[in-house]
Amino acid sequence: MEYESVTHTVTDRRLGRLPSGSEITVPVHRYVGGAGPTVYVQAAQHGIELNGPAALRRLHERLVEAELAGTVATVPVANPRAFDNRSYLTPAEFDARNPNLNRVWPGDEDGTLQERLAARLWPLAAGADAAVDLHTGTADMLEHVRFREGETGARRLATAFDTGYLLADGDLDSDDSDEDGPAGTAADGDDEETFRGTFRAAASREGIPAVTAELSNSRTVDRAAVGTGLEGVLNVLRERDLLRGEPTATAEPTVLRKGDGSVEATESGLFELRSGLAVGDTVEAGERLGTVYDPATFERRETVSAAESGVVYSLAREAVVVAGERVAATAEPV
Ligand SMILES: [Zn+2]
């Protein structure tokens, strides 16, 4: 390893063209030190997830002063259209078929706008030795880092990132994804589209260790979450020996395995969470999580119960639920 002072460059990367003729470009920051591995970090695939870009600004301040063995490439705002629109998804006017950027990786040069955008960004990840995708969940999601079970490189990155909780998911080709929150949270949640096209699944297929960090609190710059994001990325760089020193992770993380702990409402109505229930709580299978009421007749429509025993890692924030929407998710401690 050769640690050398960083040379920072920022270049505009062209991702596509809008109907008006204006170009979609994103700044790509490169921090180049001595010989060593390359780590790619991106944020704001979803337009309301602001703690990632805020963490990368602080990372910038640290890296320009640092000695590095290797290269760090960052894209603070991977999805400028959703960011400008202050929306989780990309506005349908730009891509009605693929509104969620995190479902189209590794993209398609001849595809829809979103697929083209991903295809232009993808070489940054494909040329890296490790990748971090910064997201934020709702306020009612446990801060955690996701990795694919059985991938030791990704697990080491996730452990180094140190959010206290790791979430191992097994089958990245399944049709189930709840990254960022329960599906029922209208603004902040993911829908039930295929998980196959997530950034992390695409990286995994290429053999690139990758993790998804779910920081706290969408829609706001939360200083604690930003600090977690900054320290997390610095620790990933230490783990990969781009920065001197060992990751500063203090305690052993709690590792959760994502199973069949998704809880959907079977009735529509107004969902009231059980008093005192919060993310991080351990619940038993069948334990009551909340109640769905008819808001106009006051009739009790459904008692919502945990599908499995485990730790509650996300809860619905939006209280209006439509039958079939996810209102909570639990995962088993490993
Ligand atoms: Zn996200």
Helix-only mean residue ellipticity at 222 nm, the chain, DSSP H runs n ≥ 4 weighted -39,500 (n - 2.57), per residue, nearest 500. What is it? -6000 deg cm²/dmol
Give me the distance between the Cα centres of the stretch 285-334 and the stretch 143-163, rounded to whole Å. 28 Å
Sorting V10, A55, A251 by the position of each Cα along the dipole of the chain (Lys, Arg +1; Asp, Glu -1; all at Cβ), the one nearest the positive end of that ordering is V10
Largest first, please: the extent of the C-alpha atoms of the stretch 96-159 along each principal axis, to the nearest Å. 37, 32, 17
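Grab the beta carbon distance between R288 and R13, set R0 = 51 Å, and tell me the FRET efficiency rounded to 0.05. Please list the in-between numbers first.
Values: r = 50 Å, r/R0 = 0.98.
According to the calculation, E is roughly 0.55.
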Positive-end residue, the chain charge dipole about Cα centroid, Cβ charges, pick of S314, A154, T228: T228
Rounded to two decimals, the Rg over Rh value of the stretch 259-333 from Cα coordinates and the Kirkwood Rh reads 0.96
With Rh as the Kirkwood radius over Cα pairs, the chain has Rg/Rh of 0.98
For the stretch 203-212, Karplus-derived ³J(HN,Hα) couplings (6.51, -1.76, 1.60; θ = phi - 60°; whole Hz; x for glycine and proline) come out as 5, 4, 5, 8, x, 9, x, 9, 10, 10
Report, to two decimal places, the Cα Rg of the stretch 207-289 normalised by 2.2 N^0.38 Å (N = number of residues). 1.53
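Whole number please: convex hull volume per residue of the Cα set in the stretch 193-334, in Å³? Don't skip to the end; give the middle numbers.
Values: hull volume 21.7 nm³, N = 142.
Per residue, the Cα convex hull of the stretch 193-334 comes to 153 Å³.
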About the Cα centre, charge dipole magnitude for the stretch 4-256 (Lys/Arg +1, Asp/Glu -1 at Cβ), debye: 900 debye
May I ask for the angle, rounded to the nearest 10°, between helix 152-161 and the longest principal axis of the chain, with both axes built from Cα atoms and the value confined to 0 to 90°? 80 degrees
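Only the coordinates and a few stated rules stand behind these numbers; no lab work does. Because the structure is predicted, anything quoted here is derived from the model rather than measured. Methodologically, a virtual Cβ is constructed for each residue, glycine included, from the backbone with ideal geometry; neighbour enumeration extends over all protein chains shown.
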